[in-house]
């Protein structure tokens, strides 16, 4: 029996320790590779989400600016300062307010129960984009709110005749983590339309708008850069459309800038 036991092969303690060390090194290498790949994937997806959210909103604004000033043939609603197709209330930028945009266009309601000639009722709609301070960014940004009102003959409302309308709403959250929202109106010569009034353009130039530059700056929801690439004391500077509205921050957040030009194709028809 002693001879048989002596012939049984096994692993020494040193060999077992070597195997454990090699296995640990392989697992560590695999975990490190996974961490790097996962971190890279998260950064790519975060960048894509920020970019897509911003472009979705800007695309929506572009479509609505193209609707500004539209009216159906034989529209019988009297024109007024309340119905100017595009109004822009300039803001002050990060730390203050972003720009407010109001878009007015015409619509029509059809009622088959009415007699012929009275089945069509012309309407006016107003879409408003404005910002409020965002609690998500600790006061370092905005959230964009959108409203849609209808003209009831004396003012803008979301409940014409005292009845709720599912097509109308007020202060619906559209997008958060916004750091600036800028609108710049241009006339047919490409010159910026300015005004001494709170609104740009004012009522005398309300129908001169040909294009509107739209600028949106978004911030990532979490710190994006693992290590701050800046040297000590160097500030990242984000330039906006309007002078005096540059963003200069020392942090690790990603910021995406979207700038487009919208053609207000119906405004000049007045």
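Within the range 152-166, count every residue that is closer than 22 Å to residue 85 by Cβ and either exposed (fewer than 10 other Cβ atoms within 10 Å of the Cβ) or in contact with a helix residue (DSSP H, G or I) (Cβ under 6 Å, 6 or more places away or on another chain) (or both). Going through the range 152-166 one residue at a time, the tally reaches 4. Looking only at residues of the range 204-224 that are within 22 Å of the chain's Cα centre (by Cα) and in a loop (DSSP other than H, G, I, E, B), we find that the one that is modelled with the highest pLDDT is 220. Residue 146 meets the conditions (1) loosely packed, with under 14 Cβ neighbours inside 10 Å; (2) closer than 24 Å to residue 69 by Cα; (3) within 17 Å of the chain's Cα centre (by Cα) in every case but one. The failed one is (1). Of all residues in the range 105-123, those that are surrounded by 10 or more Cβ atoms within 10 Å (Cβ to Cβ) and either in contact with a helix residue (DSSP H, G or I) (Cβ under 7 Å, 6 or more places away or on another chain) or not in a loop (DSSP other than H, G, I, E, B) (or both) total 9. Within the range 239-265, residues that are on the phi > 0 side of the Ramachandran plot and touching a residue at least 24 places away in the same chain (Cβ under 8 Å) have Cβ atoms under 7 Å from residues that are surrounded by 14 or more Cβ atoms within 10 Å (Cβ to Cβ) and assigned to a loop (DSSP other than H, G, I, E, B) in no pair, counting only partners at least 6 apart in sequence or on another chain. Within the range 193-200, is there a residue that is under 20 Å from residue 56 (Cα atoms), outside any loop (DSSP other than H, G, I, E, B) and modelled with pLDDT under 95? For the range 193-200, residues under 20 Å from residue 56 (Cα atoms), outside any loop (DSSP other than H, G, I, E, B) and modelled with pLDDT under 95: absent. If only residues of the range 175-198 that are touching a residue at least 60 places away in the same chain (Cβ under 8 Å) and surrounded by fewer than 18 Cβ atoms within 10 Å (Cβ to Cβ) are counted, the one that is nearest to residue 80 (Cα to Cα) is 198. Residues of the range 17-31 include none that is in contact (Cβ under 8 Å) with a residue 24 or more places away in the chain and surrounded by fewer than 18 Cβ atoms within 10 Å (Cβ to Cβ). Just to be sure, is residue 184 part of a strand (DSSP E or B), under 15 Å from residue 216 (Cα atoms), at pLDDT below 95 and under 13 Å from the mean Cα position of the chain (by Cα)? In short, no.
Considering the range 124-143, and only residues there that are in contact with a strand residue (DSSP E or B) (Cβ under 9 Å, 6 or more places away or on another chain) and in a loop (DSSP other than H, G, I, E, B), the residue that is surrounded by the most Cβ atoms within 10 Å (Cβ to Cβ) turns out to be 141.
Within the option set 75, 46, being surrounded by 15 or more Cβ atoms within 10 Å (Cβ to Cβ), assigned to a loop (DSSP other than H, G, I, E, B) and touching a residue at least 24 places away in the same chain (Cβ under 8 Å) holds for one residue only, 75.
The values are calculated or read from the model by the stated rules, or taken from the named source; none is laboratory data. Here the structure is a predicted model, which means the values were calculated and not measured. With ideal geometry, Cβ positions are generated from the backbone for all residues, glycine too; neighbour counts draw on all protein chains shown.
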